[in-house]
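Readers should treat all values here as calculations from the given coordinates under stated rules, not as data from a laboratory. Keep in mind that this is a model prediction, so the values were computed, not measured. When we count neighbours, we look across all protein chains shown, and the Cβ atoms used for this are built from the backbone with ideal geometry, even at glycine.
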Amino acid sequence: MKFFKYVAFMFVLTMPFMASAHVSVTHTLPQDKAMLMSSPEQLSLAFSGKVRLAKIVVQDAHKQPIDFDFKPTAAPSSDFSWPLPHLKQGNYTVKWIALGGDGHKMTGEFTFMIHATKHSNKTKMPENGHGNHNH
Amino acid sequence: MQFSEWSLLLLLMKLANYTAIAALAGTLLIRFISHFHLNGNQHTAFLYFLKHWQIKCLMVGLIAAVLQTPIEAGAIAESGFMGMLDRPMLEIVWYSVIGEQARLRIVSFLVALMVASLWNVKAENNNAEKFNFALMLIIAALIAYSFSITGHSANENALVKSILTFHLAALACWIGALWPLLKSCTLLIKTDVEKIMHHFGQMAIIIVVVLLVSGLALLQQYLHSFSALFTSTYGQLILLKLLLVSAMLLLGAWHKLFLVPNINRQRYFETLKGSIAVEMVIALFVLITTSVFTTLVGPPI
């Protein structure tokens with residue numbers, strides 16, 4: 001009986017030290033569902049923890065990929081940024097795949113739209129990009 | 001949860017890993033019981049069976065460990081089976097915690113294979129064989145620990161990782177001992193079968209206590225509310241595992257309290273064999289369920 005009491009005591013004692021956190025996307029640029037007045041100069045992704053970004057694809061409305069300077073690297077990071085080429089008016093989707101610090105595959109996507117005007121690149125409807133933690 | 005051909009491969013890989021660690025832990029437990037409670041040379045054939053079974057399962061574990069990095073790389077690349085050979089993806093996986101886990105497992109399974117091959121079953125009392133057993137025990141602990149390197153315990157402290165390691169080791173001992181126990185019914189005389197079953201039954205009490213205490217601690221860690229046990233897929237799969245383990249527990253109690261004491265009566269002996277076979281099938285479902293909720297489904301965030 002003493003043994004069980006000891007185990008129960010240790011169990012309760014250790015509870016506060018047990019906490020966990022999942023990595024997720026904290027910020028994207030352009031922001032999800034953003035409506036831009038001109039082509040964005042860069043593409044950025046920020047995570048709440050370090051991940052290894054394996055893939056990121058920018059597609060236009062016809063699902064044609066846009067070339068930009070992305071190369072997968074084994075070095076983990078929480079912030080990623082790349083310069084973008086000039087993008088034409090239209091809808092774009094950004095899809096990414098990353099390996100989380102816990103070894104889980106993460107996927108996500110977000111969209112943005114570019115208007116035909118030549119004014120400043122102010123955005124509307126700012127929201128964070130979607131992210132999934134796949135198991 | 002997104003299901004694809006990669007999910008199935010990852011699931012099979014996890015199942016192979018669980019089977020390997022279970023076989024290793026189970027054979028070690030039965031080897032330990034045999035060493036202390038069986039006399040004479042009548043059980044040499046049984047020890048040979050343990051050795052060969054251990055080697056076969058370690059081979060399965062080694063293959064799974066070697067394939068782990070390319071399969072994970074293919075799953076991430078999302079470009080068909082050629083993704084398994086995609087160098088940047090392989091590098092990403094190899095330098096991540098998955099690579100760390102794979103490296104530990106490859107080395108452990110290789111050393112375990114060598115140690116298992118060197119096990120001289122005819123000289124169990126030699127110091128060399130005791131050293132062989134101790135070495136295998138350390139390797140089994142390392143392989144059990146490797147499961148805490150990735151997944152939901154990856155970012156946790158040493159305490160949580162230790163709890164997971166103990167939980168897995170306890171489950172592995174129980175499940176992995178079933179096939180050797182069933183084989184003991186055909187390879188050993190009834191008196192020896194009774195001794196093995198009796199002492200396994202005593203060990204099982206410790207195993208069940210470790211399993212339940214560590215299981216409760218992990219449940220508290222991954223499910224932040226009691227309702228999540230019923231409302232989340234992860235919780236529902238844990239409930240299914242609990243149900244299956246409870247069925248194994250009931251069968252174990254029936255063996256310990258009724259069938260083993262009456263083992264000398266042929267009818268009960270046959271029933272015991274059948275019942276262990278049923279317990280093995282349930283154990284397989286426990287491993288499949290565990291593979292699913294640790295590979296494809298995560299705890300609710």
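Using the Cβ-Cβ distance between B:L137 and B:H198 with R0 set to 30 Å, the FRET efficiency from 1/(1 + (r/R0)^6) comes to roughly 0.85.
How much FRET efficiency would the formula 1/(1 + (r/R0)^6) give for B:E270 and B:Y95, where r is the Cβ-Cβ distance and R0 is 60 Å, rounded to 0.05?
So the FRET efficiency works out to roughly 0.65.
Straightening the chain between B:R87 and B:L12 buys 24.7 nm, computed as 0.36 nm per residue apart minus the Cα-Cα spacing. Pairs of Lys residues in the stretch B:5-295, spaced 8 or more positions apart or belonging to different chains, with C-alpha separations under 17 angstrom: 14 in total.
Which of rounded, prolate or oblate describes the stretch B:5-295 when judged by the alpha-carbon gyration tensor and an a/c cut-off of 1.5?
Values: a/c = 2.06, a/b = 1.39, b/c = 1.48.
Judged from the Cα gyration tensor, the stretch B:5-295 comes out oblate (a/c at least 1.5, b/c at or above a/b).
Going by a ≥ b ≥ c, the root eigenvalues of the Cα gyration tensor, does the protein assembly as shown fall in the rounded group (a/c under 1.5), the prolate group (a/b larger than b/c) or the oblate group?
On the way: a/c = 2.91, a/b = 2.25, b/c = 1.29.
In terms of gyration-tensor shape, prolate.
Scalar couplings 3J(HN,Hα) for the stretch B:283-289, obtained by applying the Karplus form with A = 6.51, B = -1.76, C = 1.60 to θ = phi - 60°, are 4, 4, 5, 4, 5, 5, 4 Hz; x denotes Gly and Pro.
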